[in-house]
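Below is one structure; the comments refer to it alone.
The values are calculated or read from the model by the stated rules, or taken from the named source; none is laboratory data. Please read all numbers here as calculations on a predicted model, not as lab measurements. Positions of Cβ are generated from backbone atoms using ideal geometry, with glycine treated the same way; all protein chains shown enter the neighbour counts. SASA here: full protein model, heavy atoms, side chains in, ligands and nucleic acids out. Shrake-Rupley method; radii C 1.70, N 1.55, O 1.52, S 1.80 Å.
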Amino acid sequence: MTSSDPVPPAEPTARRRRVGLLAGVALVAAAADIVSKVLVVAHLTPGDSPRFLGGLVYFSLIRNPGAAFGIASGMTFVFAIIAAVAIVAIARMASRLRSVAWAVGLGLLLGGTTGNLGDRLFRAPGFLRGHVVDFVSVFGPDARYFPAFNLADAAITVGVAILVVATLFGVDLDGHRHRKRD
């Protein structure tokens with residue numbers, strides 16, 4: 001097929017479905033994150049850490065001004081800019097999207113990034129300085145043994161894992177599969 005050949009009729013339909021999948025996954029991830037944070041902020045206070053799964057998981061209200069593991073506190077505006085750039089990049093990739101794995105992975109990234117960006121934009125202490133609400137603490141309360149996270153962080157992590165696995169298996173954004181040559 002050359003660049004002047006018409007696109008097969010199935011191609012636009014496949015692209016629309018994958019973009020729809022990406023958007024649906026992003027919407028579910030972002031909505032779950034937002035709803036969970038609203039509930040946590042409404043019902044938990046710092047130091048109050050309900051225990052689940054025999055102490056494997058605790059819900060601890062933690063407001064994170066930095067990135068993962070609490071690094072770079074005070075750089076919230078930088079993370080907000082990086083998140084906005086990531087959202088634009090994902091939106092631009094959508095036009096080439098044909099792979100289900102990439103649609104799900106990018107959808108999780110988009111939803112998670114949107115959820116955390118919302119915190120950075122709209123939560124205290126103010127616009128572009130908002131602290132991200134983290135609440136899942138594993139192995140102990142208050143992020144004692146492992147950094148606390150939220151559903152947006154989980155969506156981002158799972159999304160990246162899906163994209164890494166797809167890449168390792170040679171699946172490209174456009175759905176083509178490449179075999180490794182020896």
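Annotations for the structure displayed:
- Scope the stretch 142-161; condition crowded, with 20+ Cβ neighbours inside 10 Å, of a type in the set (A, V, I, L, M) and part of a helix (DSSP H, G or I); matching residues: A143, L151, A152, A155, I156
- Among the residues making up the stretch 14-38, those that are in contact with a Lys or Arg (Cβ under 8 Å, 6 or more places away or on another chain) and either basic (K, R) or open to solvent by 50 Å² or more (accessible area, probe 1.4 Å) (or both) are R15, R18.
- From the options D134, D172, residue that is open to solvent by less than 70 Å² (accessible area, probe 1.4 Å), closer than 23 Å to S60 by Cα, touching a residue at least 24 places away in the same chain (Cβ under 8 Å) and among the acidic types (D, E): D134
- Residues of the stretch 61-118 satisfying the condition of being of a type in the set (K, R) and in contact with a helix residue (DSSP H, G or I) (Cβ under 6 Å, 6 or more places away or on another chain): R98
- The stretch 109-126 residues that are under 15 Å from I81 (Cα atoms), paired with ones that are basic (K, R) (beta carbon under 9 Å, 6 or more apart): G115/K37; G118/K37; D119/K37; D119/R63; R120/R129
- Some residue of the stretch 66-88 being under 25 Å from A23 (Cα atoms), open to solvent by less than 30 Å² (accessible area, probe 1.4 Å) and assigned to a helix (DSSP H, G or I): yes
- Cβ-Cβ distances below 7 Å connect the following pairs, each with a first residue in the stretch 44-66 that is farther than 23 Å from L121 by Cβ, a second residue that is basic (K, R), and a separation of six or more residues or different chains: Y58/R51.
- Checked against (1) small (G, A, S); (2) over 18 Å from L108 (Cβ atoms); (3) modelled with pLDDT of 90 or more; (4) in a helix (DSSP H, G or I), A14 meets all criteria but (3).
- Residues in the stretch 95-108 that are closer than 19 Å to A161 by Cα and part of a helix (DSSP H, G or I): V100, A101, W102, A103, V104, G105, L106, G107, L108.
- You will find that of A94, A124, the residue that is surrounded by fewer than 22 Cβ atoms within 10 Å (Cβ to Cβ), farther than 19 Å from L27 by Cβ and out of contact with any Pro (no Cβ under 8 Å at 6 or more places or on another chain) is A124 and no other.
- Condition broken by G111, with the remaining ones in (1) at pLDDT below 95; (2) open to solvent by less than 40 Å² (accessible area, probe 1.4 Å); (3) assigned to a helix (DSSP H, G or I) satisfied: (1)
- Qualifying residue in the stretch 39-51 (condition: on the phi > 0 side of the Ramachandran plot and open to solvent by less than 80 Å² (accessible area, probe 1.4 Å)): yes
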